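Participant: Handing you this structure, nothing more for now.
The values are calculated or read from the model by the stated rules, or taken from the named source; none is laboratory data. Only a predicted model underlies this, so the values are computations on that prediction, with no experimental measurement involved. Cβ: placed from backbone, ideal geometry, glycine included. Neighbour counts: every protein chain shown. Ligands, DNA and RNA are excluded from the accessible area calculation, which covers all protein heavy atoms including side chains. Shrake-Rupley method; radii C 1.70, N 1.55, O 1.52, S 1.80 Å.
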Amino acid sequence: MKIRSYCNAVLFLTAVLSFSTVGVHAQVETTAWQDGRFHIDRQSVIERSDIVLEKPNESPQEAMPLGNGRLGIGLWAQDGYTVQLNRADTFPLRLSPGQVVVPGLKQITQASDYAGRVNLYNGEFEEHGGGMTATTYVNDSFDVMAIDVTGADPKILQTAELRLWSPRKPQVLSNGSLGILAETWLDNKEAGASGETFGSLATITADGADLHIEKSGPLSVRISFHPRSDGSFRILIGSPRWRGGDALSTASSLMASAEKLSPEEHRAWWHAFWERPGLMKLSSPDHVAEYFENLRMIDIYTAAAESRDRLPGSQAGIGDLFSSIRDEHRWGPSAYWHWNLRMQVSANIGAGVFELNDSYFNLYRENLDRVLEWTKKHMGKRPGACMPETMRFNGYGWENEAWIPAAAMNCAQDFHPYYNARTVSTGAEVSLWIWQQYLYTDDLEFLRKNYPVMRESAQFLVAYATHDVNGKLHTYPSNAHETKWDVHDPTTDISAMRALFPAVIEAATILNTDQEFAGQLKKEIAVLPAFPLVKISEPKALTDEGPDSEDTIIAESHDPAAESHNSENIGLEPAWPYGLIGDDGALHALEVRTFLNRPNKNDDDWSYDPEQAARLGLADEFKSSALALTKKYQAYPSGLAAFMGPEFYVEQVGVLTDALQSALVQDYDGLVRIAPAWPKDWSADGTVYIQHGGKVNVQVREGKIVTVGIETGSARTMRVRSPWPGESVEVVDARTSVVVLNASSAPVLEFPAQAASAYLLRAASLTPLSFEAVSGTRATRPKTLGSRSIGIAK
């Protein structure tokens with residue numbers, strides 16, 4: 001093929017298959033690459049995933065999520081219109097700043113022509129019916145939500161009530177134009193209490209005529225007003241960070257600033273945000289792929305709506321900022337559970353929205369000194385950081401739960417055996433996410449700021465481990481996370497040290513620091529223990545049979561008969577998150593057997609089965625486990641999951657997002673793998689980020705890879721496993737048409753890549769493609785998957 005025709009016909013795609021309930025249309029092979037650029041109509045692709053309501057969401061469980069990353073809301077149609085305000089910084093109990101009810105909007109929600117939509121591209125909730133419209137959004141610059149209404153009767157008085165509930169004890173204040181509920185409290189009751197003052201403040205006003213404010217009860221304030229002469233009005237509800245002070249002054253200043261903002265301001269932020277993530281447009285004959293595409297888009301949207309404060313919005317896998325159940329929490333809300341954050345971190349990296357991980361890294365970096373203090377006090381005065389798996393927001397390893405008789409301790413040799421009493425691998429995993437984000441961004445300042453967490457986590461593991469008479473390094477007593485307690489050499493510890501020590505050595509070299517410690521780590525790598533192996537037929541006893549035996553799998557620890565306490569698959573941790581075993585290599589077959597014989601199949605909403613299947617190249621298992629977990633847990637029309645209690649869980653869509661990205665593109669070890677676990681009947685127009693600031697655009701038609709394009713960040717030698725094994729593959733510069741790799745049939749394609757460039761890969765056997773940009777059709781109906789749905793149908 002000539003170079004010019006190649007460049008005019010090469011890469012990316014358009015999804016010809018749109019989601020519908022009718023048959024699948026024949027697919028046309030096209031490319032979205034033209035003139036050295038990948039063309040995608042982002043707005044239309046994103047709008048495919050809007051959440052459509054054909055009838056009002058009457059119950060709190062049907063609440064729709066909105067937020068600016070600091071202030072989040074859950075919105076539903078009870079009493080016409082009800083919204084709950086939520087913040088992540090109202091520690092230690094994450095108390096809500098309040099709820100607002102607007103009864104006059106019943107004209108919309110009770111109308112026969114009601115229609116609602118979460119417009120993901122605009123970051124807002126739109127409703128119309130009965131001649132009225134209401135648009136709700138949370139402003140990006142100020143922690144203020146707005147309800148913009150049109151079509152109201154100017155003669156009818158409108159009201160809105162801001163309220164709290166017992167046993168809350170707010171001040172109820174007003175200044176003529178604002179109603180205010182303000183409350184403060186001390187964090188002084190739980191184990192590990194900080195002694196700090198926290199609080200909540202909510203304020204309400206309206207842009208209309210004849211505004212009146214009154215105290216409507218000991219826990220509430222009501223505003224009343226008439227719409228403007230054109231039938232429009234706006235209600236503003238603010239809820240800033242609050243730790244006490246002059247509530248009237250704070251509220252007045254906030255709302256005065258917010259009143260000057262155009263409704264377009266928040267849209268501008270969302271539109272700019274949506275320029276960054278790698279998007280996926282998916283299709284399959286059974287429409288499962290389209291449903292998963294929708295859930296992935298919701299995951300990216302909700303991550304942006306809850307993850308832009310100093311500390312993470314989510315704890316215990318819950319979308320706390322979208323709560324609709326007042327102050328109820330299943331898990332102690334003062335602590336963060338790392339196991340339930342990690343899928344969100346990984347998903348953000350693959351999607352290219354690295355800034356949404358800032359709060360996660362802040363949590364551990366800012367608390368490092370307290371973790372060092374905790375480690376010395378509770379882990380035998382050892383140096384380094386034993387990062388608590390369940391860690392309070394102020395860095396202490398206390399788990400305060402209402403349903404246990406006393407607070408539990410993490411990273412504590414002075415505590416009885418418990419779920420995370422001696423889980424010592426968490427710091428290594430935090431460190432490895434630091435390392436992965438650095439590898440993906442090449443952000444040296446980021447690495448410099450977070451490297452101390454890596455160093456201190458490695459220092460602790462070295463200090464906690466001991467050498468046997470043969471010089472081998474061992475950890476005991478240590479938890480295999482929550483599953484096996486106080487056992488010898490958990491697989492999590494072995495994985496942590498195997499992955500972390502080389503990363504710290506490389507980071508120290510890059511930063512030109514800690515060379516003596518790096519030398520010590522090199523020696524320790526050589527004496528790390530092997531993974532514990534058991535027979536499939538005898539899973540409670542270690543075996544001397546090697547990893548090549550068809551009867552062996554990886555056990556949780558070197559004490560395989562120890563009692564199990566949780567439904568985790570510890571033997572799969574080497575595949576993900578530790579990246580030690582992938583879809584090829586010496587231990588691949590061993591880990592595949594471990595996956596197929598895992599003890600807990602699709603058990604929990606946080607189950608990592610889909611991601612681990614994708615890492616191992618198991619396309620059928622990736623699809624079946626993702627489908628099983630979605631059907632089991634995705635219970636809410638917002639796309640979020642139900643797990644324990646009535647809260648909205650974000651972890652299930654986080655796992656799904658990460659698994660979809662890994663199924664399409666992987667680059668965890670410097671080798672780019674294209675569609676390593678993509679189902680054979682699925683089609684995709686997808687972009688996934690890779691290391692060193694790059695991203696890969698892949699076009700797949702019913703499992704067939706049609707085109708591949710790579711956009712680079714920094715100059716380097718690209719290593720790509722051939723998407724077309726055994727075939728002759730050509731690589732050209734997409735902008736200059738220069739061939740950089742000619743007719744290679746090597747299993748791994750290596751070619752020099754320049755910074756900020758684009759390269760197209762093409763198999764000689766593929767026919768030329770016509771150009772068509774990737775685009776989509778805006779969702780018009782709710783989507784269904786068996787008994788599950790996104791949106792609400794009539």
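Participant: Looking only at the stretch 415-436, decide whether some residue is of a type in the set (F, W, Y) and surrounded by 20 or more Cβ atoms within 10 Å (Cβ to Cβ).
Facilitator: Checking the stretch 415-436: at least one residue is of a type in the set (F, W, Y) and surrounded by 20 or more Cβ atoms within 10 Å (Cβ to Cβ).
Participant: Quick check on this structure: which one of T767, T717 is more than 29 Å from E47 (Cβ to Cβ), open to solvent by 60 Å² or more (accessible area, probe 1.4 Å) and at pLDDT below 95?
Facilitator: Within the list T767, T717, the selection yields T767.
Participant: Right, something else. Does at least one position in the stretch 397-404 carry a residue that is on the phi > 0 side of the Ramachandran plot, in a loop (DSSP other than H, G, I, E, B) and under 26 Å from the mean Cα position of the chain (by Cα)?
Facilitator: Looking through the stretch 397-404, none of the residues is on the phi > 0 side of the Ramachandran plot, in a loop (DSSP other than H, G, I, E, B) and under 26 Å from the mean Cα position of the chain (by Cα).
Participant: Within the stretch 692-737, which residues are part of a strand (DSSP E or B), among the polar types (S, T, N, Q) and closer than 13 Å to W33 by Cα?
Facilitator: Hits for the stretch 692-737 are N697, Q699, T707.
Participant: Same structure again: Looking only at the stretch 155-176, count every residue that is farther than 30 Å from N394 by Cβ, surrounded by fewer than 18 Cβ atoms within 10 Å (Cβ to Cβ) and out of contact with any His (no Cβ under 7 Å at 6 or more places or on another chain) and tell me the total.
Facilitator: Total meeting the criteria: 5.
Participant: Right, here's the next one. So which residues in the stretch 677-691 are more than 22 Å from the chain's Cα centre (by Cα) and either in a loop (DSSP other than H, G, I, E, B) or not small (G, A, S) (or both), if there are any at all?
Facilitator: Hits for the stretch 677-691 are P679, K680, D681, W682.
Participant: With the requirement that a residue be outside any loop (DSSP other than H, G, I, E, B), of a type outside the set (A, V, I, L, M, F, W, C) and either touching a helix residue (DSSP H, G or I) at 6+ places or on another chain (Cβ under 8 Å) or touching a residue at least 40 places away in the same chain (Cβ under 8 Å) (or both), what does the stretch 528-569 give you?
Facilitator: If the condition is that a residue be outside any loop (DSSP other than H, G, I, E, B), of a type outside the set (A, V, I, L, M, F, W, C) and either touching a helix residue (DSSP H, G or I) at 6+ places or on another chain (Cβ under 8 Å) or touching a residue at least 40 places away in the same chain (Cβ under 8 Å) (or both), then T552 is the only one that fits.
Participant: If V740 meets every condition in (1) in contact with a Phe, Trp or Tyr (Cβ under 7 Å, 6 or more places away or on another chain); (2) at pLDDT 95 or above; (3) open to solvent by less than 40 Å² (accessible area, probe 1.4 Å); (4) not basic (K, R) apart from one, which number is that one?
Facilitator: (3)
Participant: With (1) open to solvent by less than 40 Å² (accessible area, probe 1.4 Å); (2) at positive phi as the list, and W576 as the residue in question, which single condition is left unmet?
Facilitator: (2)
Participant: Among E183, E126, which is open to solvent by 40 Å² or more (accessible area, probe 1.4 Å), touching a Gly at 6+ places or on another chain (Cβ under 9 Å), assigned to a strand (DSSP E or B) and among the charged types (D, E, K, R)?
Facilitator: E126
Participant: Within the stretch 375-409, which residues are among the polar types (S, T, N, Q) and either at pLDDT below 95 or under 14 Å from A316 (Cβ atoms) (or both)?
Facilitator: T390, N400
Participant: Restricted to the stretch 596-610, and to residues that are part of a helix (DSSP H, G or I) and in contact with a Ser or Thr (Cβ under 6 Å, 6 or more places away or on another chain), which residue is farthest from N294 (Cα to Cα)?
Facilitator: D609
Participant: Further question: Inside the stretch 211-298, counting only strands (runs of 3 or more DSSP E) that do not spill past its ends, which hold 2 or more residues that are within 32 Å of the chain's Cα centre (by Cα) and more than 30 Å from G151 (Cβ to Cβ)?
Facilitator: Qualifying strands (runs of 3 or more DSSP E): 280-283.
Participant: Another question about this same structure. Could you give every pair whose Cβ atoms fall below 8 Å, whose first residue belongs to the stretch 275-290 and is within 15 Å of R788 (Cβ to Cβ) and in contact (Cβ under 8 Å) with a residue 60 or more places away in the chain, and whose second residue is open to solvent by 10 Å² or more (accessible area, probe 1.4 Å) and of a type in the set (A, V, I, L, M), counting only separations of at least 6 or pairs across chains?
Facilitator: H287/L785; V288/L627; V288/L785
Participant: If I ask for residues that are more than 15 Å from Q344 (Cα to Cα) and of a type in the set (F, W, Y), which ones from the stretch 357-371 would you list?
Facilitator: Listed by number, the list holds a single entry, Y364.
Participant: From the list D603, D620, D609, which one is of a type in the set (D, E), closer than 16 Å to W339 by Cβ and over 19 Å from the mean Cα position of the chain (by Cα)?
Facilitator: D603
Matching residues to (1) open to solvent by 10 Å² or more (accessible area, probe 1.4 Å); (2) touching a residue at least 24 places away in the same chain (Cβ under 8 Å):
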site: G208; (1), (2): yes, yes
site: L211; (1), (2): yes, yes
site: L219; (1), (2): yes, yes
site: R222; (1), (2): yes, yes
site: I237; (1), (2): no, yes
site: A251; (1), (2): no, yes
site: K260; (1), (2): yes, no
site: H271; (1), (2): yes, yes
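Participant: Condition first: in a helix (DSSP H, G or I) and either among the hydroxyl-bearing types (S, T, Y) or more than 19 Å from D286 (Cα to Cα) (or both). Now tell me which residues in the stretch 618-658 satisfy that.
Facilitator: S624, S625, T630, Y633, E651, Q652, V653, G654, V655, T657, D658
Participant: Also, I was wondering about something else. Mind checking which pairs have a first residue in the stretch 774-789 that is touching a residue at least 24 places away in the same chain (Cβ under 8 Å) and a second that is of a type in the set (S, T, Y), Cβ under 6 Å, 6 or more apart or different chains?
Facilitator: Hits for this filter: V774/T14; S775/S44; G776/S44; T777/S18; P782/S789; K783/Y291; L785/Y291.
Participant: Check the stretch 670-681 and report whether any residue there is open to solvent by less than 10 Å² (accessible area, probe 1.4 Å), touching a Phe, Trp or Tyr at 6+ places or on another chain (Cβ under 6 Å) and either under 27 Å from I581 (Cβ atoms) or not aliphatic (A, V, I, L, M) (or both).
Facilitator: Yes, the conditions are met somewhere in the stretch 670-681.
Participant: Does G709 count as touching a Phe, Trp or Tyr at 6+ places or on another chain (Cβ under 7 Å) and at positive phi?
Facilitator: Taking the combined requirement at face value, the residue does not satisfy it.
Participant: Wholly within the stretch 332-383, which helices (runs of 4 or more DSSP H) include no fewer than the required count, namely at least 1 residues that are surrounded by fewer than 20 Cβ atoms within 10 Å (Cβ to Cβ)?
Facilitator: Because the criterion is at least 1 residues that are surrounded by fewer than 20 Cβ atoms within 10 Å (Cβ to Cβ), the helices (runs of 4 or more DSSP H) in the stretch 332-383 that meet it are 358-366, 368-378.
Participant: Right, something else. Can you spot a residue in the stretch 772-793 that is aliphatic (A, V, I, L, M), surrounded by 20 or more Cβ atoms within 10 Å (Cβ to Cβ) and closer than 14 Å to V708 by Cα?
Facilitator: Within the stretch 772-793, none of the residues are aliphatic (A, V, I, L, M), surrounded by 20 or more Cβ atoms within 10 Å (Cβ to Cβ) and closer than 14 Å to V708 by Cα.
Participant: Given the conditions (1) assigned to a loop (DSSP other than H, G, I, E, B); (2) surrounded by fewer than 17 Cβ atoms within 10 Å (Cβ to Cβ), report the number of the one that S49 does not fulfil.
Facilitator: Here S49 clears every test but (2).
Participant: As an exercise: evaluate S765 against (1) over 29 Å from Y438 (Cα atoms); (2) touching a strand residue (DSSP E or B) at 6+ places or on another chain (Cβ under 7 Å) and give the number of the one condition it does not meet.
Facilitator: (2)
Participant: Kindly list the number of the only condition in (1) open to solvent by 10 Å² or more (accessible area, probe 1.4 Å); (2) farther than 23 Å from V774 by Cα; (3) part of a loop (DSSP other than H, G, I, E, B) that fails for G313.
Facilitator: G313 satisfies all of (1) open to solvent by 10 Å² or more (accessible area, probe 1.4 Å); (2) farther than 23 Å from V774 by Cα; (3) part of a loop (DSSP other than H, G, I, E, B) except (1).
Participant: Given the structure, is G131 of a type outside the set (F, W, Y) and either open to solvent by less than 50 Å² (accessible area, probe 1.4 Å) or closer than 26 Å to L53 by Cα (or both)?
Facilitator: When the stated conditions are applied, G131 passes them.
Participant: Now for a different question. If you scan the stretch 475-500, which residues turn out to be among the aromatic types (F, W, Y) and assigned to a strand (DSSP E or B)?
Facilitator: W485, the sole residue that qualifies.
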